[in-house]
């Protein structure tokens, strides 16, 4: 009875405005706006604050959005189920990863086989990605050091040691390795709270009875890399994530035994979705663990 009105509300909330939502749904803006107004009028409530061209969702709207996310995700699952025996030549797959390098090759392999499926990639920390999987914002996640959770299907992709890295102008640039004790005396550039890399290195320092001298806390690996290149401090990443950057030098941590495990993860209840199943299968990632 209210399907079109809920879909109109959901699109406006999801895309942050009436114009973009109307474009995505293939409707005129007045028609879309009318659907939302009818829903608000029917229940005598307000779902969006409107001021000139600015649209901001209300607290009640946020609560409704959590329900419509589930509603339309279930609708998507139903469509995928009915399409399971058809050729996968269209659709959309939302992927989130803690670093692009862990997932780009997987996406490339998938695109070669299923060119009609549009893939979007979000980069964030583990905490954000797991939350996005749980609220149906993402279909697949690539995260570090996932703790066991019965809601998730997870497969380990690889396991790597941590390395420190400095700019080429840093006094340590000609060295091959350092100790945690030496690192504790240096200024460090650290990821934000919620970053698994930060959690691991903090645990290592705590076990060694050492303190950390954090000169800058910064969001995202690329931002950390740029700060270290400017000689603001020493950074830490997994060996696989260091990659190649002519401005930087990596140093092994001789007394750090911690490693970073990268895992592919999705909700168990979504494993039957055709696009997710196809992504895992074409990348030789098992559907059963």
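Could you go through region 17-27 and let me know if any residue there is farther than 30 Å from residue 195 by Cβ and touching a strand residue (DSSP E or B) at 6+ places or on another chain (Cβ under 8 Å). Yes, because at least one residue in region 17-27 is farther than 30 Å from residue 195 by Cβ and touching a strand residue (DSSP E or B) at 6+ places or on another chain (Cβ under 8 Å). A single member of 164, 173, 186 is part of a loop (DSSP other than H, G, I, E, B) and either without any contact (Cβ under 8 Å) to a residue 24 or more places away in the chain or surrounded by 15 or more Cβ atoms within 10 Å (Cβ to Cβ) (or both), and it is 186.
Between 151, 174, 168, the distinction of being closer than 30 Å to residue 244 by Cβ and touching a helix residue (DSSP H, G or I) at 6+ places or on another chain (Cβ under 9 Å) belongs to 168 only. I'd like to know if region 222-232 contains one or more residues that are at pLDDT below 90, closer than 16 Å to residue 97 by Cβ and not in a helix (DSSP H, G or I). No: region 222-232 contains no residue that is at pLDDT below 90, closer than 16 Å to residue 97 by Cβ and not in a helix (DSSP H, G or I).
Out of all the residues in region 198-228, which are touching a residue at least 40 places away in the same chain (Cβ under 8 Å), touching a helix residue (DSSP H, G or I) at 6+ places or on another chain (Cβ under 8 Å) and over 17 Å from residue 254 (Cβ atoms)? Answer for region 198-228, where residues must be touching a residue at least 40 places away in the same chain (Cβ under 8 Å), touching a helix residue (DSSP H, G or I) at 6+ places or on another chain (Cβ under 8 Å) and over 17 Å from residue 254 (Cβ atoms): just 221. Here residue 36 meets the list (1) loosely packed, with under 14 Cβ neighbours inside 10 Å; (2) touching a residue at least 12 places away in the same chain (Cβ under 8 Å); (3) not in a loop (DSSP other than H, G, I, E, B) almost entirely, failing just condition (1). Within region 239-289, if we keep just the residues that are in a helix (DSSP H, G or I) and in contact with a helix residue (DSSP H, G or I) (Cβ under 6 Å, 6 or more places away or on another chain), the residue that is surrounded by the most Cβ atoms within 10 Å (Cβ to Cβ) turns out to be 279.
If you go through region 184-197 and pick out every residue that is in contact with a helix residue (DSSP H, G or I) (Cβ under 8 Å, 6 or more places away or on another chain) and either in the same structural domain as residue 125 (by TED's automatic domain parsing) or modelled with pLDDT of 90 or more (or both), you end up with 3.
Kindly evaluate residue 88 against the criterion of being touching a residue at least 40 places away in the same chain (Cβ under 8 Å), touching a strand residue (DSSP E or B) at 6+ places or on another chain (Cβ under 7 Å) and not in a strand (DSSP E or B).
Here the answer is yes, as residue 88 does meet what is asked.
At pLDDT 95 or above and either in a strand (DSSP E or B) or within 13 Å of residue 234 (Cβ to Cβ) (or both) - does that describe any residue in region 122-132? The answer is no, given that none of the residues of region 122-132 is at pLDDT 95 or above and either in a strand (DSSP E or B) or within 13 Å of residue 234 (Cβ to Cβ) (or both).
The values are calculated or read from the model by the stated rules, or taken from the named source; none is laboratory data. Only a predicted model underlies this, so the values are computations on that prediction, with no experimental measurement involved. Note: ideal-geometry Cβ built from the backbone for every residue, glycine included; neighbour counts use all protein chains shown.
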